[in-house]
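Right, one structure below, let's go through it.
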Amino acid sequence: MSAKIIDGKAIAQEIRENIKKEVQELKEKYNIVPGLVTILVGEDPASVSYVKGKQKVSQSLGFYSVEEKLPENVSENEILKLIEKYNKDPKIHGILVQLPLPRHINERKIINAIDPKKDVDGFHPINVGKMVIGEPCFLPCTPYGILVLLGKIGCPVEGAEVVVLGRSNIVGKPIANLLMQKRKPVGNATVTVCHTGTKDIVFHTKRADILIIAIGKPKFITADMIKEGAVIIDVGINRIGVTPEGKAILCGDVDFESVKQKAGAITPVPGGVGPMTVTMLMKNTLESAKMWNGLPNEIE
Ligand code: BQF
């Protein structure tokens with residue numbers, strides 16, 4: 001049997017339509033416009049393209065969108081000053097600093113300077129702490145997107161054996177934490193996290209009902225490593241070449257062609273988790289705008 005291909009792009013689009021309607025309503029009823037600023041440092045091609053994509057979606061939803069671009073050699077202080085400016089700006093409800101930052105910048109120091117109430121990436125320690133104890137907060141966008149995807153496809157999560165490959169602060173750690181929580185409708189799973197210290201990765205991957213891979217190794221997971229019928233969530237985005245037109249050729253951490261023959265469901269790359277990540281950023285910004293204006297919201 002061939003796996004159901006999880007169309008992240010279509011699901012993301014559907015959620016964006018709902019966000020767009022809500023933005024129009026906020027504007028008409030209360031004259032509120034959600035505001036998002038993106039801050040890009042340097043010219044890393046992947047980062048440039050991610051920010052471009054986020055700006056495009058933000059504008060298409062009717063957000064007030066501000067794009068800040070700083071040179072590669074900018075000082076930490078310049079970035080901190082800019083964050084301070086947008087922390088104070090009442091038109092801005094979300095501040096996104098595109099990661100990774102150049103090596104001479106202390107990423108933690110920058111993230112910690114963002115007002116936790118504008119931290120739509122969910123990376124500030126206040127939001128990370130709230131997430132872990134199960135309080136409402138901005139959820140990090142990729143894990144949030146995965147929760148929504150699992151919910152939308154009706155994947156049974158309660159009691160499932162979930163295996164997460166990778167333990168980054170952006171994906172692995174938070175998604176493992178969220179799925180083990182007694183959350184409704186998606187949660188209460190038995191979660192195993194594998195990483196560079198794991199002795200026998202295949203022992204774990206073969207046991208997984210839901211396998212989430214975020215390690216940045218192209219086509220790492222092959223059919224022989226998974227259980228028949230497993231749900232495969234591929235978070236990897238690897239650039240394995242460029243087209244003659246200069247566009248990046250992407251592939252995931254999963255060998256899609258072989259794994260789709262054996263899995264129950266699988267996210268493709270591109271068009272799987274990626275578009276959901278961007279959409280949940282917009283969702284967080286919308287909820288932030290409601291919060292700042294004293295309207296009911298999902299953050300507090
Ligand atoms: C798609 C990201 C690694 C490091 C820093 C759509 C995105 C990606 C793929 C996107 C990502 C990955 C983002 C697709 C944002 C996801 O069609 O498959 C959208 O824009 N992403 C980022 O901002 O920083 C990263 C991955």
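Applying a threshold of 6 Å to beta carbon distances and a minimum spacing of six or more residues, or different chains, the list of pairs starting in segment 219-230 at a residue that is modelled with pLDDT of 95 or more and ending at one that is outside any loop (DSSP other than H, G, I, E, B) and surrounded by fewer than 18 Cβ atoms within 10 Å (Cβ to Cβ) reads 222/258; 223/258; 225/202. The C-beta contact set for segment 18-30 (first residue in a helix (DSSP H, G or I), second residue of a type in the set (Gly, Ala, Ser), distance under 8 angstrom, 6+ apart or interchain) comprises 20/60; 20/62; 23/62; 24/62; 26/289; 27/62. For segment 96-117, which positions are assigned to a loop (DSSP other than H, G, I, E, B) and within 15 Å of residue 37 (Cα to Cα)? Answer for segment 96-117, where residues must be assigned to a loop (DSSP other than H, G, I, E, B) and within 15 Å of residue 37 (Cα to Cα): 98, 99, 114, 115. Remark: residue 146 falls outside the filter, which requires a residue to be in contact with a helix residue (DSSP H, G or I) (Cβ under 7 Å, 6 or more places away or on another chain), within 16 Å of the ligand (Cβ to nearest atom), touching a residue at least 60 places away in the same chain (Cβ under 8 Å) and open to solvent by 30 Å² or more (accessible area, probe 1.4 Å). Residue selection: residue 65 fails the criterion of being within 12 Å of the ligand (Cβ to nearest atom), in contact with a strand residue (DSSP E or B) (Cβ under 9 Å, 6 or more places away or on another chain) and open to solvent by 20 Å² or more (accessible area, probe 1.4 Å). Selection of segment 26-44 for residues being open to solvent by 90 Å² or more (accessible area, probe 1.4 Å) and of a type in the set (Asp, Glu) yields 28, 43.
Across segment 243-300, the number of residues qualifying as acidic (Asp, Glu) and within 16 Å of the ligand (Cβ to nearest atom) comes to 1. Exactly one residue out of 15, 83, 92 is hydrophobic (A, V, I, L, M, F, W, C), buried (at least 18 other Cβ atoms within 10 Å of the Cβ) and under 19 Å from the mean Cα position of the chain (by Cα): that is 15.
Out of 120, 74, 128, 66, I need the residue that is part of a helix (DSSP H, G or I) and at pLDDT 95 or above. Which one? From the options 120, 74, 128, 66, the qualifying one is 128. Going through (1) under 16 Å from residue 144 (Cα atoms); (2) in a strand (DSSP E or B) one by one, residue 175 falls short only on (2). Note on segment 31-62: residues that are part of a helix (DSSP H, G or I) and either more than 16 Å from the ligand (Cβ to nearest atom) or over 18 Å from residue 285 (Cα atoms) (or both) amount to 5.
The values are calculated or read from the model by the stated rules, or taken from the named source; none is laboratory data. Bear in mind that the values here come from a model prediction, so they are computed numbers and not experimental data. Cβ: placed from backbone, ideal geometry, glycine included. Neighbour counts: every protein chain shown. Areas reflect the complete protein model, heavy atoms only, side chains present, ligands, DNA and RNA absent. Shrake-Rupley method; radii C 1.70, N 1.55, O 1.52, S 1.80 Å.
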